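So the structure is just underneath, and the comments pick up after that.
Please treat every number below as a calculation from the coordinates, not as lab data. Predicted, not measured: the structure shown is a model, and the values here were computed from it. So basically every Cβ, Gly included, is an ideal-geometry build from the backbone, and we count neighbours across all protein chains shown.
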Amino acid sequence: MSFNNISFILHKPQLSENIGACARAIKNFNFNKLLLINPKPLFPNDKILATSVGAKDIIKKANVYNTLEKSLNNIDILIATSARFRNKNIKHISLSDLKKIDFSKKIGFLFGSESSGLANNEISYANFTMQIPSNRKFKSLNLSHSLIIVAYAVSEFISVNRNKFNRSRKIKDASKKDINNMLSLCIKNLEEKHFFHPLEKKPIMLENLRSIFNKLNLSEKETRILSSVFAGLSKKKVDWQNFTCAYKTFYSMTKRLNSKHKVDRRLKVNLWGRPKSPFNSRAYPPGQHGQTKSSKPSDFGVQLQAKQKLKSYYGNMNERQFRNLYKKAIMAKGNTAENLIGLLERRLDAVVYRSKFANTIFSSRQLINHGHVKVNGKKVNISSYQVKEEDTIEIRDKSKQLAIIDVAMASKEREIPEYIQADEKNKKVKFVRIPKFEEVPYPVVMEPSLVVEYYSR
């Protein structure tokens, strides 16, 4: 249970003064996350900063999104505020019911625009709707006033630790991102079956679908099962090879992911710079002796650590592969450390990862292995393939609709480096040149010179 788990989402706010006042209210009660969906005024501007008073840090850290759906990727439970009850099959709660919410999860409170509030389409994304008790004859509240009431109530519940949900830790609830990905797969297959007929009823049918899945409180495992069902129903006769590929590409890598997280803690760094890394909360090695003080490492230990860190970053390749790359780096002209980095960045899985076609280097490798990637118009399924300058890398036409690729490209965790020229619309990139070491966007300090020393000993 933490104040950091709470996000306040303003959908299409119209007045700068209200945005600033909302930021101020958020900080008043120790919260720090403000999300904006298509704000009408320029954000940020002088009026917003002036009305926020001492909450300028909230404004600077605020995230702006084009659509509501994109803002919910890191939200587990969404509560929409409304001045009136909707004729929708969504649970309605009051302020006092907040004590029943599991505040250990990531909670989002959604507020509509000043003029029209939230439409039914936006409401359909919510797990609950909430109404602030007020005069029955005059229910309309100012945006910032509504937010400050909710912020106060939530801070009280968190402070007194009124959490009534005691769900097993072994059961991991599905995030909003998981549910939206599952819905995307479901909708795609329904469209292929011409389910949405007549077309004028499609918006309301989509609203009902979202409402059903968002109120079910699904676990992560249950969303995987439903996703596999939707994938299996996409064809009359299931092509199990392609089905397995799609399923694994969408929801696999669980074992590898766990292993990857252990690597972070073992190496004592957030190696890939991801917000979900366990190193962010447990900055010490795993095991019962992980928190005990260790002696100062030897020169060999420092070199070994540098080698393991660099090798693990590129998908934890095996020792034989890495050593062979080092041998090629020695034989090439120029600085051995620079040559080694160049060879690593020329790997096809590294290029696909840098191009944001995949969220992780492991997912990138899997896309390649399953034949979703082409180089210069030809399918290549070898992740260690050495890309040359001016080579064109693209996603195969049949694979461009994969949800995992769209999610990765929409992510703001990483930027595409300058040595890769991207065409995001066509999901195509050009490998312009071999980068120098200082151009490679490592999230942690890498020391290739120590790697050279390790192998030269």
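DSSP bridge analysis restricted to the chain gives an antiparallel fraction near 40%, rounded to the nearest 5. Charge dipole of the stretch 347-433 (Cα centre as origin; +1 on each Lys and Arg Cβ, -1 on each Asp and Glu Cβ, all else neutral): 240 debye, rounded to the nearest 20. Each Cα pair under 8 Å and six or more residues apart adds its sequence gap; the mean of these over the residue count of the chain is a relative contact order of 12 percent.
Here the peptides 327-338, 212-223 are ranked by packing, the mean other Cβ count within 10 Å, and the order with the highest first is 212-223, 327-338. Farthest toward the positive end of the dipole of the stretch 3-159, out of Asn4, Ser116, Ile148, is the Cα of Ser116, where the dipole comes from beta carbon charges about the Cα centre. Subtract the Cα-Cα distance of Arg323 and Lys47 from 0.36 nm times their separation in residues, and report this length gain in nm to one decimal. Result: 93.5 nm gained on full extension. Across the options Pro448, Phe437, Tyr419, the greatest Cα extent toward the positive end of the charge dipole of the stretch 410-457 (unit charges at beta carbon of Lys, Arg, Asp, Glu) belongs to Tyr419.
Note on the chain: with charges restricted to the Cβ of Lys and Arg (+1) and Asp and Glu (-1), its dipole about the Cα centre is near 1240 debye.
As a test, work out the antiparallel percent of DSSP beta bridges whose residues both lie in the stretch 3-159, rounded to the nearest 5. Mind dumping the intermediate values first?
Values: 1 of 24 bridges.
If we restrict to bridges inside the stretch 3-159, about 5 percent are antiparallel.
Nearest 20 debye, what's the magnitude of the dipole of the stretch 336-389 about its Cα centre given +1 on Lys and Arg Cβ and -1 on Asp and Glu Cβ? Before the final figure, lay out each step's value.
On the way: 9 positive and 4 negative charges, 53 e Å.
Using Cβ point charges on Lys, Arg, Asp and Glu, the stretch 336-389 gives about 260 debye.
Anisotropy class assigned to the stretch 289-380 is oblate, per the alpha carbon gyration tensor with a/c at or over the 1.5 cut-off and a/b no larger than b/c. For the stretch 347-433, the Kirkwood estimate of the hydrodynamic radius, built from every pair of different alpha carbons, is 12.4 Å. With the Cα gyration tensor of the stretch 1-78 giving a ≥ b ≥ c as the square roots of its eigenvalues, does the rule (a/c under 1.5 for rounded; else a/b larger than b/c for prolate; else oblate) give rounded, prolate or oblate? In terms of gyration-tensor shape, oblate.
Residue order for Val352, Val302, fewest other beta carbons within 10 angstrom first, comes to Val302, Val352.
I need the Kirkwood Rh of the chain: take the reciprocal of the average 1/r across all distinct C-alpha pairs and report it in angstrom.
Details: mean 1/r = 0.0403 Å⁻¹.
Mean inverse Cα-Cα distance, inverted, gives 24.8 Å.
Label sites at Phe300 and Asp97, each approximated as a point 7 angstrom past Cα along Cα to Cβ, lie 6.5 nm apart.
Pairs from the table (Lys327/Lys427; Lys40/Lys99; Lys177/Lys268; Lys105/Lys412; Lys105/Lys311; Lys398/Lys436) lying more than 31 angstrom apart at Cα are Lys327/Lys427; Lys40/Lys99; Lys105/Lys311; Lys398/Lys436. Charges on Cβ only, +1 for Lys and Arg, -1 for Asp and Glu, centred on the Cα centroid of the chain; of Ala80, Ile405, Ile225, which one is farthest towards the dipole's positive end? Of Ala80, Ile405, Ile225, it is Ile225.
Looking at the stretch 3-159, I'd like the Rg to Rh ratio, where Rg is from alpha-carbon atoms and Rh is Kirkwood's inverse mean 1/r. Write out the running numbers ahead of the final one.
Values: Rg = 14.4 Å, Rh = 15.5 Å.
Rg divided by Rh gives 0.93.
Amide H to amide H distances under 5 Å link Val373 with Val380, Arg396, where only residues 5 or more positions off or on other chains count and H is placed in the peptide plane.
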